[in-house]
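The values are calculated or read from the model by the stated rules, or taken from the named source; none is laboratory data. Treat the numbers as computed from the prediction; the structure is a model and nothing was measured. Note that each Cβ is placed from the backbone with ideal geometry, even for glycine, and that neighbours are counted across all protein chains shown. These area figures cover heavy atoms from the full protein model, side chains too; ligands, DNA and RNA do not enter into them. Shrake-Rupley method; radii C 1.70, N 1.55, O 1.52, S 1.80 Å.
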Amino acid sequence: MRTNSGRGLQPNVLGTFDTIVMAVAGSAPAYSIAATTAVLVASVGLAGPAALLYCAIPMLGIVLAFGRLGRIDVNAGASYSWVGRTVHPFLGFLSGWALVVSATIFMVAGSLPAGAMTLALFDPDLAGNTALATATGAAWFLVMLLVVAGGARLTVRAQLLMSGVELAILLFFVVAALLHTGYAAAFDWSWLGFSHFDGPAGFASGALVAAFYYWGWDVTSNLSEETRDSRRTAGLASLVGLGVVFLLFEAFTIAVNMILTSEDIRAGGANVLGALGDAIWPGVGGKLLVVAVLLSTVATLETTLIQVTRSLFAMGRDRTMPAALGTVHRRWNTPGVAVAVVGAVALAMFVASTALGSVGDVLSAAVSAIGLQIAFYYGLAGIAAVVAYRKTLLTSVRDFVLGGAWPLLGALFMLWILVEALSRLSAASIAIGIGGLAAGLVPLIHYWRQGSSYYRPARLDATRAIAAEERYANSASQHTDYADQALATDF
């Protein structure tokens with residue numbers, strides 16, 4: 001699956017704390033709440049907290065799947081490599097392609113709120129101007145593109161600053177909202193039940209939007225080749241990151257139900273956090289939460305750029321996409337060609353997005369389309385984990401639950417919401433989501449016919465991989481013992 005020829009990504013750049021920060025930033029708490037709350041409310045009304053809760057349970061199964069797969073195959077392509085080596089190379093390529101397409105679409109969906117929020121700081125009336133918001137968002141995108149091109153160390157330092165301030169602001173407001181006696185009295189336990197869903201299709205629609213909320217924690221897997229002790233670190237960081245964002249999403253969605261009306265949410269659109277902040281702290285709160293959303297949006301643009309460029313790097317290295325994508329910049333140790341290509345494509349999409357209508361229209365169609373692609377590649381990764389660990393599942397209850405049942409539950413859930421939601425999505429969302437996946441058939445067929453070795457994979461088997469890892473660990477331990485004995489002899 002991998003070739004070792006040529007220059008690779010710089011190893012051991014990120015530690016455990018750095019990777020946890022990247023996982024949280026990847027899911028973009030403030031951005032996800034601001035950009036997606038209006039879409040979630042439009043889908044399920046007051047059942048937003050329930051959709052996030054019941055999507056988190058199978059999503060945890062996908063996190064477990066990614067962690068276990070990362071233990072036996074460290075690869076910047078992540079699900080692209082894992083699915084290809086366990087299920088089928090065609091599905092593996094489409095899994096990686098789904099991430100590339102969804103991340104590229106997100107360049108527009110993520111930058112538009114940044115542009116709108118920036119304008120809202122100066123004049124709220126300008127926030128709804130799609131052309132101006134797009135231009136401002138494109139400027140933010142270019143800044144992040146340069147940061148990502150500058151290397152993983154620069155990226156992590158920027159993330160520590162942006163995510164730290166963002167989380168501090170969010171925690172302040174969630175505590176203020178939930179402890180306010182007037183607001184707390186409006187809480188209703190039914191928001192966490194099934195009564196507000198419009199049948200199974202309504203539940204699937206809400207879960208699809210909820211999947212978009214959580215999406216991004218898997219950036220830790222795409223950074224695995226640049227992480228210290230990545231076989232352990234990437235999975236742990238994803239788990240911690242998911243837990244942090246789950247608590248924030250639930251708290252703010254409940255706060256929105258308690259404080260804002262449906263009219264307030266619709267009027268707020270991509271600025272729903274600004275409306276929430278003004279309700280909690282009039283005059284100042286809205287501005288502070290706008291700053292949090294700006295930081296969150298910029299931070300998640302950075303992590304998404306990492307995901308798509310590392311995925312394209314892995315594809316170029318395997319010759320399933322143009323080989324130039326698999327080259328690394330000599331000075332910055334980043335996939336320079338992939339960064340340039342993603343930047344050019346995204347800027348073209350910024351121009352095209354101005355023809356789609358208002359900021360809210362663009363976001364709604366993009367979120368649902370991205371949700372389809374997320375469900376697709378997350379579902380395949382869950383199946384890949386079960387296949388890779390199939391020989392170890394009956395060795396203990398822990399292995400059966402954490403390695404088989406839970407990842408399989410997550411996979412089936414993701415694939416179910418993908419199929420179920422198709423009957424409720426708009427034609428634009430389906431065209432973007434399914435059409436984007438179908439476009440991957442062109443490079444798939446071309447490079448398959450060219451004879452890429454990716455399509456003749458070495459099968460990924462956890463039993464052999466774990467045995468090899470243990471042999472390596474024992475060998476390293478023996479080497480250390482010999483070194484200690486030699487030192488003791490010298491002294």
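Here are a few things to note about the model shown:
- One residue stands out in region 153-189 among those that are over 30 Å from the mean Cα position of the chain (by Cα) and assigned to a helix (DSSP H, G or I): the one that is modelled with the lowest pLDDT, namely T181.
- The helices (runs of 4 or more DSSP H) located wholly in region 375-465 that include 2 or more residues which are more than 24 Å from the chain's Cα centre (by Cα) occupy 397-400, 441-449.
- Only one of the numbered conditions (1) open to solvent by less than 10 Å² (accessible area, probe 1.4 Å); (2) touching a Phe, Trp or Tyr at 6+ places or on another chain (Cβ under 8 Å); (3) part of a helix (DSSP H, G or I); (4) at pLDDT 80 or above is violated by M258, and that is (1).
- Tally of residues being open to solvent by 40 Å² or more (accessible area, probe 1.4 Å) and of a type in the set (V, I, T) across region 86-103: 1
- Every residue from region 68-80 that is open to solvent by 10 Å² or more (accessible area, probe 1.4 Å) and out of contact with any Lys or Arg (no Cβ under 9 Å at 6 or more places or on another chain): R68
- Criterion (within 30 Å of R330 (Cα to Cα), open to solvent by 20 Å² or more (accessible area, probe 1.4 Å), in contact with a helix residue (DSSP H, G or I) (Cβ under 8 Å, 6 or more places away or on another chain) and of a type outside the set (S, T, Y)) met by exactly one of V108, V148, V143, V156: V143
- When we screen A411, A366 for residues that are under 24 Å from Y54 (Cα atoms), modelled with pLDDT of 90 or more and of a type in the set (A, V, I, L, M), the only hit is A411.
- Being open to solvent by 10 Å² or more (accessible area, probe 1.4 Å) and more than 17 Å from the chain's Cα centre (by Cα) is not true of V83.
- Pairs, first within 19 Å of L119 (Cβ to Cβ) and open to solvent by 10 Å² or more (accessible area, probe 1.4 Å) in region 286-309, second modelled with pLDDT of 85 or more and not aliphatic (A, V, I, L, M), C-beta under 7 Å, six or more apart: L295/E166
- Single condition L126 does not satisfy, out of (1) open to solvent by 30 Å² or more (accessible area, probe 1.4 Å); (2) in a helix (DSSP H, G or I); (3) under 30 Å from V386 (Cβ atoms): (3)
- Being outside any loop (DSSP other than H, G, I, E, B) and within 19 Å of the chain's Cα centre (by Cα) is true of F212.
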